[in-house]
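Asks: Would you mind keeping the following structure in view while I ask a few things?
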Amino acid sequence: MNNRGMMTSLLTIGAAGAAIYGITKGVQNGTFQKLPQQVSNAVQNSMNNQTVQQIAEPIQNMMSNQNQTNQTNSSIDIPSDNQIQQHVGSSSLD
């Protein structure tokens, strides 16, 4: 194994060890038990944030307009390929 491969392996083992150590400590001191509630609170607070609402409003309007456009387009009769070919074939340029 070359030096680069050895360093990569050692870094990988070190990172895995640090992750295992952190998870073990988090479980022991109860940090992970609080985590779901903290995430829930953070999401709730961000959704109540006025800036987030101001950013989300134009996006919601665009989505609404897109849905209206799709509904309008679905009610338009679009000619089939055969109808187009018949129309183009029937015109003459005399």
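Asks: Would you kindly compute the Cα radius of gyration of the stretch 3-67 and its largest Cα-Cα separation (Dmax), both in Å?
Replies: Over the stretch 3-67's Cα set, Rg and Dmax evaluate to 21.3, 59 Å.
Asks: Treat each spin label as a single point 7 Å out from the Cα along the C-beta direction, and report the ILE23 to SER40 distance in nm.
Replies: My value for the distance between the label points is 2.4 nm.
Asks: If R0 is 41 Å, what FRET efficiency do you get for ASN48 and GLN86 from their C-beta distance, rounded to 0.05?
Replies: Efficiency, rounded to the nearest 0.05: 0.10.
A short reminder: the numbers here are calculations on the coordinates, not readings from a lab. Treat the numbers as computed from the prediction; the structure is a model and nothing was measured. All Cβ positions, glycine included, derive from the backbone under ideal geometry; neighbour counts span all protein chains shown.
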